[in-house]
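Participant: One structure, pasted below without further comment.
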Amino acid sequence: MVKTFDVAIAGGGIIGASIAFELAAQSLRVVVADRQSPGLEASWAAAGMLSPRPDSPRDVPLVPLAKESLRLYPQFVRAVEDVSGKPVNYAREGALEILFAPSEETDRERTVSELRALGLGVEPISLDTARVCEPSIARHPRAAVWLPDEGAVEPRLLVEGVLAGARGRGAEFRPHCPVTEFLLQRDRCVGFVAGGQQIAAGHVIVASGCFSGGIAAETNLMARYAPTRPVRGQMLALRPPEGLQLRRVLRSERGYLVPRKDGRVVAGSTKEDAGFEKIVTAAGIRKILDAALELCPGLESAEIVENWSGLRPGTPDDLPILGATDIDGLMIATGHYRNGILLAPVTAKLVREWITNGRSTFDAKPFSPLRFSGGVKSRTAAHTAD
Ligand SMILES: Cc1cc2nc3c(=O)[nH]c(=O)nc-3n(C[C@H](O)[C@H](O)[C@H](O)COP(=O)(O)OP(=O)(O)OC[C@H]3O[C@@H](n4cnc5c(N)ncnc54)[C@H](O)[C@@H]3O)c2cc1C
């Protein structure tokens, strides 16, 4: 017999898990199918910076969404920790951007005023003040900028907590059940096939990170609504020498350092189009260490305690893909690229509003899955549900 749910989610990373956590609180019957154990892809690999600062003009449309998610973070973390009983080591200590190039020094005022115009908290600060905040920063940067509202969280703890919280609220998880097919009846999606079994649901949500674009490839559906691609990021974890402790995120144009509660420092990252191959390369490690030691030369004698790489869900315009498709019952929540940890609370809230109210309190039009098909209604071969 086909089991029926209110909502079926393809993918149990931070996005699928957060949606399940949010929807299960509404007493909806939620199932999450994952092709492996949930939470072990990009969400496990992330640095955990909570930064709404755009890196390039392409990111600017994301800023209001990112700010809203940052605003939601304290209540999201409280709910996750309460329900799961697991700490996620969320901290709101701000971030320091350290500028090394002469051009960055002259550009600083412009950067500061551009970020202020976007409503972001940002202060130019003297190098002396920056060193009072973080004594271990390099001796010879040109300038520094302080972003007081930024925070950080430990993604592995967060995803574990959200998964436990969603289970605690009654969501069902089906590990090792890849979603291979969508069940369509006329113009409506009525479920999916996961691990060879049909799962019927009133709403289907695709949240499979960089793998979303490849689901049911023969139907071309995800090519239209969720054309994701993997963007590899390599990372290192360092154990600093005795006496060296970072409290805040440090960033430069070349890389970043994110302190963990146990004293370790996570250093990142690379941005590579290398397909689905998750390896750590010599060139990747060199790039990360060069940036890390430029920011904080005292890390020279740090022990490298871990290295890993993960696949960010990239999209053609670097923006996430959020919202309904033109197939009733089929929704997309993916493509969070470099910001999925930050954007989890707002994504979960949007999906909850769409499902329970039919509309959202936040304008998410720029992120619509219909932007890739120019609004032409999809015509696909229907897979009849049993
Ligand atoms: C090195 C690195 C550093 C990062 N740093 C930050 C940061 O500092 N701050 C930040 O906000 N973000 C950061 N990110 C980005 C963030 O990690 C991602 O945007 C986020 O994790 C995406 O979450 P997700 O749930 O969409 O995808 P994922 O975590 O990749 O989860 C997708 C899930 O879908 C499952 N799946 C795949 N195919 C199928 C299928 N056919 N059927 C069922 N399930 C399937 C997978 O097994 C997986 O569990 C970083 C990413 C990387 C790689």
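The values are calculated or read from the model by the stated rules, or taken from the named source; none is laboratory data. Quick caveat, the model's predicted, so the values are computed rather than measured. Don't worry about glycine lacking a Cβ; one is built from the backbone with ideal geometry, like all the others, and counts go over all protein chains shown. Calculation scope for accessible area: heavy atoms of the full protein, side chains included, ligands and nucleic acids excluded. Shrake-Rupley method; radii C 1.70, N 1.55, O 1.52, S 1.80 Å.
Participant: Would you mention how many residues in region 281-303 are open to solvent by 40 Å² or more (accessible area, probe 1.4 Å) and in contact with a strand residue (DSSP E or B) (Cβ under 6 Å, 6 or more places away or on another chain)?
Facilitator: Residues flagged as open to solvent by 40 Å² or more (accessible area, probe 1.4 Å) and in contact with a strand residue (DSSP E or B) (Cβ under 6 Å, 6 or more places away or on another chain) within region 281-303 amount to 1.
Participant: Of all residues in region 311-340, which are hydrophobic (A, V, I, L, M, F, W, C) and closer than 18 Å to Ala10 by Cα?
Facilitator: Within region 311-340, Leu311, Ile321, Leu322, Ala324, Ile327, Leu330, Met331, Ile332, Ala333 meet the criteria.
Participant: Check off (1) in contact (Cβ under 8 Å) with a residue 40 or more places away in the chain; (2) within 16 Å of the ligand (Cβ to nearest atom); (3) hydrophobic (A, V, I, L, M, F, W, C) for Leu350 and give me the number that stays unchecked.
Facilitator: Here Leu350 clears every test but (1).
Participant: I would also like to ask the following. Go through region 218-250 and give me each residue that's in contact (Cβ under 8 Å) with a residue 40 or more places away in the chain, over 20 Å from Leu289 (Cα atoms) and out of contact with any Gly (no Cβ under 7 Å at 6 or more places or on another chain).
Facilitator: Matches in region 218-250: Thr219, Asn220, Leu221, Arg224, Tyr225.
Participant: Just give me the residues in region 223-235 being of a type outside the set (Ser, Thr, Tyr), away from the ligand (no atom under 11 Å from the Cβ) and either farther than 22 Å from Leu322 by Cβ or more than 15 Å from the chain's Cα centre (by Cα) (or both), in sequence order.
Facilitator: Ala223, Arg224, Pro227
Results for (1) within 11 Å of the ligand (Cβ to nearest atom); (2) under 24 Å from Glu41 (Cα atoms); (3) outside any loop (DSSP other than H, G, I, E, B), shown as yes or no for each residue.
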residue: Ile137; (1), (2), (3): no, no, no
residue: Arg167; (1), (2), (3): no, yes, yes
residue: Thr180; (1), (2), (3): yes, yes, yes
residue: Leu183; (1), (2), (3): no, no, yes
residue: Ala201; (1), (2), (3): no, no, yes
residue: Ala237; (1), (2), (3): no, yes, yes
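Participant: Out of everything in region 304-320 that is farther than 25 Å from Ala292 by Cα and acidic (Asp, Glu), what residue ends up being surrounded by the most Cβ atoms within 10 Å (Cβ to Cβ)?
Facilitator: Asp318
Participant: Filter region 76-132 for residues that are open to solvent by less than 40 Å² (accessible area, probe 1.4 Å), part of a helix (DSSP H, G or I) and touching a residue at least 60 places away in the same chain (Cβ under 8 Å) and give the result.
Facilitator: Phe76, Val77, Ala79, Val80, Ser84, Glu104, Leu115
Participant: Only residues that are crowded, with 20+ Cβ neighbours inside 10 Å, of a type in the set (A, V, I, L, M) and within 16 Å of the ligand (Cβ to nearest atom): list them for region 139-165, please.
Facilitator: Of everything in region 139-165, those that are crowded, with 20+ Cβ neighbours inside 10 Å, of a type in the set (A, V, I, L, M) and within 16 Å of the ligand (Cβ to nearest atom) turn out to be Leu147, Ala152, Val153, Leu157, Leu158, Val159, Val162, Leu163.
Participant: Here's another thing I want to ask about it. How about region 204-219: which of its residues are within 6 Å of the ligand (Cβ to nearest atom) and in a loop (DSSP other than H, G, I, E, B)?
Facilitator: Correct list: Ala207, Ser208, Ile215.
Participant: Same structure again: Please name all residue pairs, on different chains or six or more residues apart, with Cβ atoms under 7 Å, provided the first residue is in region 141-169 and is in contact (Cβ under 8 Å) with a residue 60 or more places away in the chain and the second residue is charged (D, E, K, R) and crowded, with 23+ Cβ neighbours inside 10 Å.
Facilitator: Going by the 7 Å Cβ cut-off, the qualifying pairs are Leu147/Glu97.
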